[in-house]
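Quick notes on the structure that follows.
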Amino acid sequence: MRYDEMTREALQEELETLKKEYRRIQRMDLRLDMSRGKPSIEQLNLSMGLMDVLDSSSDLTCEDGTDCRNYGQLTGIEEARELLGDMMENNPNDIIIYGNSSLNVMYDTVSRAYTHGIMGNTPWCKLEQVKFLCPVPGYDRHFAITEYFGIGMIPVPMLSTGPDMAVVEKLVAEDESIKGIWCVPKYSNPSGISYSDETVRRFARLKPAAKDFRIFWDNAYGMHHLYDDRQDYLIEILAECKRAGNPDMVYKFASTSKITFPGSGIAALATSPNNMEDIKKQLKHQTIGHDKVNQLRHVRFFKDIHGMVEHMRRHADILRPKFEMVEDILERELGDKGIGTWTKPLGGYFIGFESLPGCAKEIVSRCKKAGVLMTPAGATWPYGKDPQDTSIRIAPTFPPLEELEKASELFALCVKMVSAEKILSAMA
């Protein structure tokens, strides 16, 4: 029964029962972690073969004769560019292979624009004002980068089809100080939704006032499906931008961080030839080349894109039961209460939960006091400030199933408890 349809007496009785159960769980002294979207140990074990494909007797020479032990290959070895090109659906010639972290590449890209500008435009540090559009709820580490550089952040509502493009189109057309937008277009963080075909096409056809406006397209979960027979499809943004006459408008990022080892994967940036030349002018002063041995290790491990697809099926076999368990518990415990909504993604690493207004921070706090650590409420908004205090990110990937079940049940309990208190206070 919906909480807002219960009598005050019935809801008060329900709350007392919930508090009794909460105190019982507190006495269990739980130490559970749902705070970050980290792969589980079982997922990491899938990639242990990376440690065996190269040894001291291995031939570390690429097909073009490059010795991976030595300097060189600023944009990455050709085999790695081909593998990541297939993964990202881009021409290998339009790809730069970096180190282990796409987040690091994004930071560098913002930093380069800030200190030296983009393709001859004024460096952002010399401008009176620089702004970024931030679809919300969104990825906290994206927001942290722009906040670090003092770049103003403008929230843009996320719809079931992606960012509200009417808002995006209007803002970028009217304001030259808006230099970029953060995007997680497939199985987005934290809602798990994927951008519709229309949304991608409208992105490609943007008419920004700023010549150096760029779409920061973080396709972190491009291959992270949960099901073989139900998968979201995403139009390839670089090709769409080229068709629309905006070939230079996108920086597209990806990595193997949640495919192999997050701390030891390979990251890549795909973009237009003009952007590539602009980036390489800076990159040659930063490095002579990233870790080519690790690039070769990944190529030898996967062999080709088919090996990577099969590898991701094994990831899905581990993750699918976790997502389904969380969704089942939320439906069982909250489905008829009218006190929250949640997404049911077909891939990615997160489930987005929306509480009653003014409840998210208290729900996360109660979880922590009972032994379950979650991402801070508000983290999915710029500056950590969710004006309605409703957005919570659920990360089911890291805990074992048994722990995840306990954590999810406690989360649902806290949602009910905080929501009942909120509704009762409104009845007073």
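General remarks:
- Scanning region 90-113 for residues that are of a type in the set (Phe, Trp, Tyr) and surrounded by 19 or more Cβ atoms within 10 Å (Cβ to Cβ) yields a single hit, Tyr98.
- Taking first residues from region 276-301 that are more than 15 Å from Leu84 (Cα to Cα) and partners that are at pLDDT 95 or above and polar (S, T, N, Q), the Cβ contacts under 6 Å between residues at least 6 apart in sequence or on separate chains come to Gly289/Gln73.
- Test: Gln26 is modelled with pLDDT under 95 and among the polar types (S, T, N, Q): yes
- Listing of strands (runs of 3 or more DSSP E) fully contained in region 330-428 that carry 2 or more residues being touching a Pro at 6+ places or on another chain (Cβ under 6 Å): 391-394
- Selection of region 31-64 for residues being open to solvent by 50 Å² or more (accessible area, probe 1.4 Å) and part of a loop (DSSP other than H, G, I, E, B) yields Arg31, Arg36, Lys38, Asp52, Asp55, Ser56, Ser57, Asp59, Glu63, Asp64.
- Test: residue in region 238-254 that is under 24 Å from the mean Cα position of the chain (by Cα) and among the basic types (Lys, Arg): yes
- Within region 235-273, if we keep just the residues that are out of contact with any Lys or Arg (no Cβ under 9 Å at 6 or more places or on another chain), of a type in the set (A, V, I, L, M) and outside any loop (DSSP other than H, G, I, E, B), the residue that is farthest from His298 (Cα to Cα) turns out to be Ala239.
- Check on Lys20, within 30 Å of Cys367 (Cα to Cα), open to solvent by 20 Å² or more (accessible area, probe 1.4 Å) and in contact (Cβ under 8 Å) with a residue 12 or more places away in the chain: no
- Within region 183-215, being of a type outside the set (D, E, K, R), within 14 Å of Val156 (Cβ to Cβ) and outside any loop (DSSP other than H, G, I, E, B) holds for Cys183, Thr199, Phe203, Ile215.
- Selection within region 200-213 - buried (at least 21 other Cβ atoms within 10 Å of the Cβ) and within 23 Å of the chain's Cα centre (by Cα): Val200, Phe203, Ala204, Phe213
- Within region 273-319, the set of residues being of a type in the set (Asp, Glu) and open to solvent by 60 Å² or more (accessible area, probe 1.4 Å) comprises Glu277, Asp291, Asp304, Glu310, Asp317.
- Filtered by the rule that a residue be hydrophobic (A, V, I, L, M, F, W, C) and open to solvent by less than 20 Å² (accessible area, probe 1.4 Å), region 154-173 gives Val156, Met165, Val168, Val172.
- Hits in region 124-141 - residues which are crowded, with 24+ Cβ neighbours inside 10 Å and either modelled with pLDDT under 95 or in a helix (DSSP H, G or I) (or both): Trp124
The values are calculated or read from the model by the stated rules, or taken from the named source; none is laboratory data. Computed from a prediction, not measured in an experiment: that's the story for all the values here. Please note: Cβ atoms are built from the backbone with ideal geometry, for glycine as well, and neighbour counts cover all protein chains shown. SASA here: full protein model, heavy atoms, side chains in, ligands and nucleic acids out. Shrake-Rupley method; radii C 1.70, N 1.55, O 1.52, S 1.80 Å.
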